[in-house]
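Everything on this sheet refers to the single structure shown next.
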């Protein structure tokens, strides 16, 4: 009899003392509270959660960034232990910002950074150049594709961009921080950029000990790889001459191709069928490299990247394919998850699949602050939990397809946190641009910037 009556008695007591059920989530009050959050508080909330992808979500043995994290399912292709070079470079910068903002202590940050550097000192590399992926537990290379199982120069440049910023963060710090900076300097100086010329005045993306130069992918502009040529010129040990930049990347001046899209002028040729590519091309090179006032004979990089971003936005507002949800507060086409696999979404009809990637607009906040904040508020206030999770905004969504996967990609999360910090304080820009090798390399290539002198 007790088993029957005790639950009944407890329920009656709860009624008597006035206990009420917990209100349902997403009530009108919740929405009002969301709309009242200040821009600064919203920026900090997004940055803090995205930081946690690289802090709480890191692969535990190496401390490196996992290639991906699926909240809504199992890791594909045993990706739980797969760590990424480029995504970790972005993550290192996100961690620096989090340490500086007190999300974790400086001591905790140093411990994590030491773990990452220790992994890189022992992990597979090829002529000092790192692969795209490793197994985070063993440090052994994991092939990105059949022949891409060796050095990846572009991913290495993304990683070293973060490490050089970290070097500057620690170089004048405590004895332990200075010691770690010295270890980072050895990693930096060990990368053989000249090897990736293959005896030509252009840089090649891949080299494999098994397949040699069979990938045969010369890196030419413009795309996300400007930072690769900048760092190749900056290296004090294996640096390339300026001719490699001007003849390889700029193709002897052919990179200059004035044209107009969506009413905005561009000065450069873009390696894309549509004449303009996915929006991450405006982000990856400029997480450390400060585009503000940065010019050479090919472009004014801040203005070029701002217009590049506004073209992407204007296309989405024009919305020629009539997708649901596109507009002034929901725009941004870049490489991300897609309704069918993965795609490099571009602002042209063939490359537009109705998928918005939060990283596109949010990582553009340094170029389009008001326009990007509108997107951030729409995602946070209107779409809410459909796109907002433990590590910030999920990778992509489609209102047309009612498709809201709970998935993250390191290489998309990193730029959000880093560019929010650059918008708030310019911290990562200031660190990277203060490195003596970076200054000398940019001068060698003919760049102008107020921070170089």
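Filtering segment 149-194 down to residues that are in contact with a strand residue (DSSP E or B) (Cβ under 7 Å, 6 or more places away or on another chain) and in a helix (DSSP H, G or I), which residue is nearest to residue 411 (Cα to Cα)? Let's see the steps before the verdict.
First pass over segment 149-194, keeping only residues in contact with a strand residue (DSSP E or B) (Cβ under 7 Å, 6 or more places away or on another chain): 149-153, 156, 191-192.
Restricting the remaining residues to those that are in a helix (DSSP H, G or I) gives 153, 156.
Values: 153: 16, 156: 13 Å.
The selected residue is 156.
Which number in (1) under 30 Å from residue 131 (Cβ atoms); (2) modelled with pLDDT of 95 or more; (3) crowded, with 19+ Cβ neighbours inside 10 Å marks the one condition that residue 69 misses?
(2)
Residue-by-condition table, conditions (1) touching a residue at least 40 places away in the same chain (Cβ under 8 Å); (2) crowded, with 21+ Cβ neighbours inside 10 Å; (3) within 16 Å of the chain's Cα centre (by Cα):
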{"site": "348", "(1), (2), (3)": "yes, no, no"}
{"site": "364", "(1), (2), (3)": "yes, yes, yes"}
{"site": "381", "(1), (2), (3)": "yes, no, no"}
{"site": "392", "(1), (2), (3)": "yes, yes, yes"}
{"site": "397", "(1), (2), (3)": "yes, yes, no"}
{"site": "401", "(1), (2), (3)": "yes, no, no"}
{"site": "406", "(1), (2), (3)": "yes, no, no"}
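Give segment 190-211 a look and list any residue that's exposed (fewer than 14 other Cβ atoms within 10 Å of the Cβ) and over 26 Å from residue 252 (Cβ atoms), or say none.
209, 210
Restricting to segment 293-334, give me the number of residues that are part of a loop (DSSP other than H, G, I, E, B), over 18 Å from the mean Cα position of the chain (by Cα) and touching a residue at least 12 places away in the same chain (Cβ under 8 Å).
Here the count works out to 14.
Kindly establish whether residue 423 is modelled with pLDDT of 95 or more and either crowded, with 24+ Cβ neighbours inside 10 Å or over 16 Å from the mean Cα position of the chain (by Cα) (or both). Walk me through how you get there before you give the answer.
Values: modelled with pLDDT of 95 or more: yes; either crowded, with 24+ Cβ neighbours inside 10 Å or over 16 Å from the mean Cα position of the chain (by Cα) (or both): no.
For residue 423, the condition - modelled with pLDDT of 95 or more and either crowded, with 24+ Cβ neighbours inside 10 Å or over 16 Å from the mean Cα position of the chain (by Cα) (or both) - is not met.
Would you mind stating whether residue 36 is at pLDDT 90 or above, over 17 Å from the mean Cα position of the chain (by Cα), surrounded by fewer than 12 Cβ atoms within 10 Å (Cβ to Cβ) and more than 24 Å from residue 405 (Cβ to Cβ)? Walk me through how you get there before you give the answer.
On the way: at pLDDT 90 or above: no; over 17 Å from the mean Cα position of the chain (by Cα): yes; surrounded by fewer than 12 Cβ atoms within 10 Å (Cβ to Cβ): yes; more than 24 Å from residue 405 (Cβ to Cβ): yes.
For residue 36, the condition - at pLDDT 90 or above, over 17 Å from the mean Cα position of the chain (by Cα), surrounded by fewer than 12 Cβ atoms within 10 Å (Cβ to Cβ) and more than 24 Å from residue 405 (Cβ to Cβ) - is not met.
If the Cβ limit is 9 Å and pairs must be 6+ apart or interchain, which residue in segment 269-292 that is at positive phi pairs with which residue that is outside any loop (DSSP other than H, G, I, E, B)?
275/257; 275/259; 275/261; 275/266
Yes or no: segment 170-182 includes at least one residue that is modelled with pLDDT of 95 or more and under 26 Å from residue 68 (Cβ atoms).
Residues of segment 170-182 that are modelled with pLDDT of 95 or more, as a first pass: 170-182.
Cutting the leftovers down to under 26 Å from residue 68 (Cβ atoms) gives us none.
Among the residues of segment 170-182, not one is modelled with pLDDT of 95 or more and under 26 Å from residue 68 (Cβ atoms), which makes the answer no.
Taking the criterion of being in a helix (DSSP H, G or I) and on the phi > 0 side of the Ramachandran plot, would at least one residue in segment 382-396 satisfy it? Step through it out loud before you land on a result.
Of all residues in segment 382-396, those in a helix (DSSP H, G or I) come to 382-386.
In the following step, the residues that additionally are on the phi > 0 side of the Ramachandran plot were identified as 384.
Yes: segment 382-396 contains one or more residues that are in a helix (DSSP H, G or I) and on the phi > 0 side of the Ramachandran plot.
On the basis of being surrounded by fewer than 17 Cβ atoms within 10 Å (Cβ to Cβ), in contact with a strand residue (DSSP E or B) (Cβ under 7 Å, 6 or more places away or on another chain) and on the phi < 0 side of the Ramachandran plot, does residue 344 make the cut? Explain how you work it out, then say what you get.
Working: surrounded by fewer than 17 Cβ atoms within 10 Å (Cβ to Cβ): yes; in contact with a strand residue (DSSP E or B) (Cβ under 7 Å, 6 or more places away or on another chain): yes; on the phi < 0 side of the Ramachandran plot: yes.
Answer is yes for this residue.
So residue 280 passes all but one of these: (1) closer than 28 Å to residue 245 by Cα; (2) not in a helix (DSSP H, G or I). Which condition number does it fail?
It is condition (2) that residue 280 fails.
Being within 22 Å of residue 235 (Cα to Cα), modelled with pLDDT of 95 or more and more than 18 Å from the chain's Cα centre (by Cα) is true for just one of 141, 117, 154, 104. Which residue is that? Walk me through it before giving the result.
Working: 141 fails: within 22 Å of residue 235 (Cα to Cα); 154 fails: more than 18 Å from the chain's Cα centre (by Cα); 104 fails: within 22 Å of residue 235 (Cα to Cα).
Selected residue: 117, the only one of 141, 117, 154, 104 that is within 22 Å of residue 235 (Cα to Cα), modelled with pLDDT of 95 or more and more than 18 Å from the chain's Cα centre (by Cα).
Starting from segment 432-447, keep only residues that are on the phi > 0 side of the Ramachandran plot and surrounded by fewer than 19 Cβ atoms within 10 Å (Cβ to Cβ), then list their pairs with residues that are at pLDDT 95 or above and not in a helix (DSSP H, G or I) whose Cβ atoms are within a distance under 9 Å, requiring at least 6 positions of separation or different chains.
Matching pairs, first to second residue: 446/296; 446/297.
The values are calculated or read from the model by the stated rules, or taken from the named source; none is laboratory data. Everything numeric here is computed off the predicted structure, so don't read it as measured data. Because the Cβ atoms are built from the backbone with ideal geometry, glycine has one as well, and the counts that use them run over all protein chains shown.
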